[in-house]
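Undergrad: Have a look at this one before I ask anything.
The values are calculated or read from the model by the stated rules, or taken from the named source; none is laboratory data. Small disclaimer: the values here were computed from a predicted structure and weren't measured. Please note: Cβ atoms are built from the backbone with ideal geometry, for glycine as well, and neighbour counts cover all protein chains shown. Accessible surface is based on the protein model in full, side chains and every heavy atom, while ligands, DNA and RNA are left aside. Shrake-Rupley method; radii C 1.70, N 1.55, O 1.52, S 1.80 Å.
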Amino acid sequence: MIIKTATFVCSNTQISALPVPTMPEYAFIGRSNVGKSSLINMLVNQHGLAKTSQRPGKTQLINHFLINEKWYIVDLPGYGYAKVSKTSREKWEKFIRAYITKRESLQCVFVLIDSRLEPQGIDIEFCYWLGEKQIPFSLIFTKADKQGMTTTQKNVAAFKKKLGEFFEEIPATFISSAEKGTGKEEVLNFIYEVNKDFVVPTDYKKF
């Protein structure tokens, strides 16, 4: 897939204010500082589309980006950042979970995992929750350029093993590097194939 256009559409904290769900959407989420904004920018060939920050937890809104005027990338707030108030964290979690479970046009949640780390409990728990809710998701292991491929593959294998304790089938997995462009073609091809089967919801409801 070739990305010709990528434009910011809106930011929201209210599910009811989201765009009409008539085009497929792909949500990107992960622990804070996992490299989500950099990955999105790499996928769409725009350095500053998704705002990057050295301060984890900056993204606090549901951000929609329209790609090729045909589908959306949705940038969701990161989870697991401790240096925010409990009230703020609970508010984020509430609307993130509402979006994920109720959005009719959501085709897949891309869960971003730091490839430098051994399996983290918070990532595993989030994947388990997606499984319980029967939400389609895939894994993108980020920052693969920060260590050797042997370490990356070891951590990816360990994560898959943990998921295997809960899932009969492991979801699609991608290894990426925003700096080197690794994984770009694979992720976009995956989205291209899923888009082929998208059917516009005819009974979508306002939240």
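Undergrad: Return only the number of the condition from (1) open to solvent by 20 Å² or more (accessible area, probe 1.4 Å); (2) under 23 Å from I73 (Cα atoms); (3) not in a loop (DSSP other than H, G, I, E, B) that F141 does not satisfy.
TA: (1)
Undergrad: Confirm whether T101 is open to solvent by less than 10 Å² (accessible area, probe 1.4 Å), free of Cβ contacts under 8 Å to residues at least 40 places away in the same chain and not aliphatic (A, V, I, L, M).
TA: In short, no.
Undergrad: Across the stretch 170-194, what is the number of residues that are among the basic types (K, R) and assigned to a helix (DSSP H, G or I)?
TA: Residues in the stretch 170-194 being among the basic types (K, R) and assigned to a helix (DSSP H, G or I): 1 in total.
Undergrad: Inside the stretch 1-27, can you point out the residues that are open to solvent by 50 Å² or more (accessible area, probe 1.4 Å), of a type in the set (A, V, I, L, M, F, W, C) and in contact with a Lys or Arg (Cβ under 8 Å, 6 or more places away or on another chain)?
TA: Across the stretch 1-27, there are no qualifying residues.
Undergrad: Moving to a separate point now. Here are some conditions: (1) modelled with pLDDT of 90 or more; (2) assigned to a helix (DSSP H, G or I). V109 meets all but one. Which one does it not meet?
TA: Single failed check for V109: (2).
Undergrad: Of all residues in the stretch 154-171, count the ones that are of a type outside the set (V, I, T), open to solvent by 40 Å² or more (accessible area, probe 1.4 Å) and touching a strand residue (DSSP E or B) at 6+ places or on another chain (Cβ under 9 Å).
TA: 1
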